[in-house]
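The values are calculated or read from the model by the stated rules, or taken from the named source; none is laboratory data. Bear in mind the structure is a predicted one, so any value in this text is a computation, not a measurement. FYI the Cβ positions are ideal-geometry reconstructions off the backbone, even for glycines, and counts take in every protein chain you see. Surface accessibility is based on the protein's heavy atoms, side chains included, excluding ligands, DNA and RNA. Shrake-Rupley method; radii C 1.70, N 1.55, O 1.52, S 1.80 Å.
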Amino acid sequence: MLNGLKLSKLALNNTARYLFLAVTVAALVFFLIASNRLVRSLSVQERERMDIWAQATQRLAQADMDADIDFLLSIISQNNSIPVMVADSDFNILDFRNFNLPEKSEDEETTFEDLSKGNQRFLSSRLRQAAGSRSLEELSQSNPHFIRVEVYYNYPQYIYYEDSILLKRLSWYPYVQLIVMVILAVIILTAIVYTKNAEQNRLWAGLSKETAHQLGTPISSLMAWNEYLDSTGTSPEITAEMNKDINRLSVIAQRFSKIGSRPELHLEYLNSTVEHSLGYMSSRISGKVKIEMVFPEDDMGVMISTPLFEWVMENLTKNAVDAMEGEGEIKISTGSEKGKVWIEVKDTGRGIAKKNFKKVFAPGFTTKKRGWGLGLTLVKRIIEEYHDGKIFVKESELGKGTTFRIELPAT
């Protein structure tokens, strides 16, 4: 039942995370579509305005001397934002509006004629660049930015226009908006994860210290009772075994007291520490479990907190025994490479599915009928947060076994 509750809580957390991501993606898609529609609408409006401007230009060119052209001139003069130029078939610029022309430096002496020639070259180059290798006649039939107008004696002119500065800026707006919203979503998600982790850290520290505190009284009482039994002539073998378990409880209380605060690291020999950490476990596991230790000849120095590191090794060994259901082989090996030392714990147990390689370290995740699923979470915390190391599932195959690997900085 407890495992069912833990799995339900884990599923609820994943559901909330996926729901947040789904809502974020939906919001991004909605704003992107809305922004694109706005840009397309403005683009259509500008093209309609340019069609009207082109018609006004054509009628003005064809108007009689005594015709009233004030209305046509008002239409043409109202364009103060869309860059437009009028050219003949040979790319000669006849008129232009709203283009940002290059400026001459203040120390250069230029005449109006120089400026006119320079503007002509600049606009003509820009027009040819927009036209590419095609003629203006061809472009006026297929490109909406080119409009053909008729003047006197069927002499054609071509109007070329660009999107206004406002439309160009708005065309980038959906993508800028998308980037901003993605950044905001990442910040919010990071804040949520950070807050959740901080809350879990406080819970870990509080529970650990309270556990250490609660263990203190019964341990002291057991020590007194053991001394009393020893004084009454109880068999020394019995009191010696009881003393081992009392010392074990003292070590466990000491370990819990170190959770939540940065422990002091000391230079220790890795192989000796690993071997010592298995001393208590080896005498309390099934005789059907064979433990093999493969160490290099030269012991390696490493900065660790011995009580916590021994806790890590005991947890990994106990998990391996549980995975093998009390029968199989455990191989523990150490080594060094590229500025780091490593420890591998390999068992011949049931194995782990590849999709669960990272999940096994999550709080509450367990495949056992009993247990809280916190052992490997605690191991990961001790190795990564307190020893600046790394622990991961190196390899695993269902029905054949699993290898956990720990990497620590070398001294």
(request) Using the structure shown, list the pairs from 288/355; 244/400; 244/394; 318/340; 209/355 with a Cα-Cα distance above 32 Å, or answer none. (result) 244/400; 244/394; 209/355
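Given the peptides 309-321, 340-352, 265-277, 232-244, arrange them by the average over their residues of other C-beta atoms within 10 Å, most packed first. Before the final figure, lay out the partial values.
Working: 309-321: 22.2, 340-352: 20.2, 265-277: 16.5, 232-244: 11.8.
Final packing ranking: 309-321, 340-352, 265-277, 232-244.
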(message) Under 8 Å for C-alpha pairs, at least 6 residues apart: give me the relative contact order for region 254-329, rounded to a whole percent.
(response) 47 percent
(message) With every protein chain left in place and a probe of 1.4 Å, what is the accessible surface of residue 81, to the nearest 10 Å²?
(response) 50 Å²
(request) Run the 1.4 Å probe and let me know the accessible area of residue 175, rounded to the nearest 10 Å². (result) 120 Å²
(request) Between beta-carbons, use under 9 Å as the cut-off and find the net charge around residue 343, counting Lys and Arg +1, Asp and Glu -1. (result) -1
(request) Return one quarter of the surface area of the convex hull spanned by the alpha-carbon atoms of region 222-310, equal to its mean projected area, in nm². (result) 8.1 nm²
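At a temperature of 37 °C and a viscosity of 0.692 mPa s, determine how fast region 264-411 diffuses translationally according to Stokes-Einstein, using the Kirkwood radius over alpha-carbon pairs as Rh; express D in µm²/s, rounded to the nearest whole number. Write down the numbers at each step before the final one.
On the way: Rh = 15.5 Å.
Value of D from the Cα-based Kirkwood radius: 212 µm²/s.
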